[in-house]
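**Student:** I have a structure I would like to understand better, so I am pasting it below and will then ask my questions one at a time.
The values are calculated or read from the model by the stated rules, or taken from the named source; none is laboratory data. For clarity, every value in this text was computed on a predicted model and none was experimentally measured. As a convention, Cβ positions derive from the backbone with ideal geometry for all residues, glycine included, and neighbour counts pool all protein chains shown.
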Amino acid sequence: MQRRLFEAHVVLFTTSKKKVENGLRLGAHEAVISSDAAAMAKHEGSFDFILDCVSAEHDMNALVGLLKLDGTLTLVGASEKPLSIGAFGLLGGRKRLAGSGIGGIAETSISAPTKKIGVGHRADRRRPDQRSFRAHAVR
């Protein structure tokens, strides 16, 4: 959670209640269970930047809805299935979608803006030798 060093407000989005304590211990200011619609709605339109490292299928439109005007959603995780993102969600708020094939910890910690951001994580159920870094970040 290196963004905290740059005075960014870091929010962890996770599908696992077990990861909340870890995220807070690692420096997140808040943790949100992404399947909790009320908790997600509380953050609607409040993020400058989202770093999405989740390589599993997930709701991209929910992440776009969390972005502020001119916000950026950056993908560093790649799902095996094509992503579905509604054009109007991006166009209506001048939101940007970006990506990086590298997405390593060093690269993403340098490239994140020093604004209000957050970080999320999704469990990797593959063997350790098959894993790559993944999480999704917001705010």
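**Student:** Take the stretch 60-70 and flag every residue that is farther than 11 Å from LEU97 by Cβ and touching a Gly at 6+ places or on another chain (Cβ under 9 Å).
**Tutor:** So the first thing to find is which residues in the stretch 60-70 are farther than 11 Å from LEU97 by Cβ, and the list is 61-62, 65-66, 68-70.
Matches in the stretch 60-70: ASN61, GLY65, LEU66, LYS68, LEU69, ASP70.
**Student:** Quick one: would you say ILE85 is modelled with pLDDT under 85 and closer than 17 Å to MET40 by Cβ? Working first, answer last.
**Tutor:** Working: modelled with pLDDT under 85: no; closer than 17 Å to MET40 by Cβ: yes.
So ILE85 fails the test.
**Student:** Which of (1) at pLDDT below 85; (2) under 30 Å from PRO82 (Cβ atoms); (3) buried (at least 16 other Cβ atoms within 10 Å of the Cβ) is the odd one out, the single condition ALA8 does not satisfy?
**Tutor:** Only one criterion is unmet by ALA8, namely (2).
**Student:** Further question: Kindly indicate whether any position in the stretch 117-134 is more than 12 Å from the chain's Cα centre (by Cα), at pLDDT 85 or above, basic (Lys, Arg) and over 20 Å from ALA8 (Cα atoms).
**Tutor:** To start, the set of residues in the stretch 117-134 that are more than 12 Å from the chain's Cα centre (by Cα) comprises 123-133.
Right, trim to at pLDDT 85 or above and you get none.
Checked against the condition, which is being more than 12 Å from the chain's Cα centre (by Cα), at pLDDT 85 or above, basic (Lys, Arg) and over 20 Å from ALA8 (Cα atoms), the stretch 117-134 yields no hits at all.
**Student:** Okay, next question. Do we have GLY71 as within 13 Å of the chain's Cα centre (by Cα), at pLDDT below 80 and either closer than 15 Å to VAL10 by Cα or crowded, with 21+ Cβ neighbours inside 10 Å (or both) here? Please lay out each step first, then the result.
**Tutor:** Values: within 13 Å of the chain's Cα centre (by Cα): yes; at pLDDT below 80: no; either closer than 15 Å to VAL10 by Cα or crowded, with 21+ Cβ neighbours inside 10 Å (or both): yes.
The answer is no for GLY71.
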